[in-house]
Amino acid sequence: MPQDEAPRHNTEKKRFELQIGDALAFVAYRDLPNGTRVFVHTEVPPAVEGHGVGSRLVKAALDEAKAAGRHVAAPCPFVAGYIARHQGYESLTSA
């Protein structure tokens, strides 16, 4: 699976995006007034599923939140699962 580009933060649409060929994958969020970033949805087109695209996106999004000192909430099951499987991100979810 080609890795055409790195994930980018589209602040206008409030999501992190990754373009793979003609496919656009993204993880969407909303920011709460207290600064918590809530990851609400991850979408990976079927043509690129199973190639780590979602994980690359979520890692970039969580790394950005961590660098900014944000707490996160993950009602999105994909993001929640990623946090559970990868050490170093669980501290982001504690208030």
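No value in this document is a laboratory result; all are computed from the given coordinates. Just so you know, these numbers come straight off a predicted model, no measurement behind them. Cβ: placed from backbone, ideal geometry, glycine included. Neighbour counts: every protein chain shown.
Below are the figures for this structure:
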| quantity | calculated |
| --- | --- |
| Selection count where residues are touching a Ser or Thr at 6+ places or on another chain (Cβ under 6 Å) and in a loop (DSSP other than H, G, I, E, B), scope segment 2-47 | 0 |
| Residue that is nearest to residue 6 (Cα to Cα), among those in segment 48-69 that are assigned to a loop (DSSP other than H, G, I, E, B) and of a type in the set (Gly, Ala, Ser) | 52 |
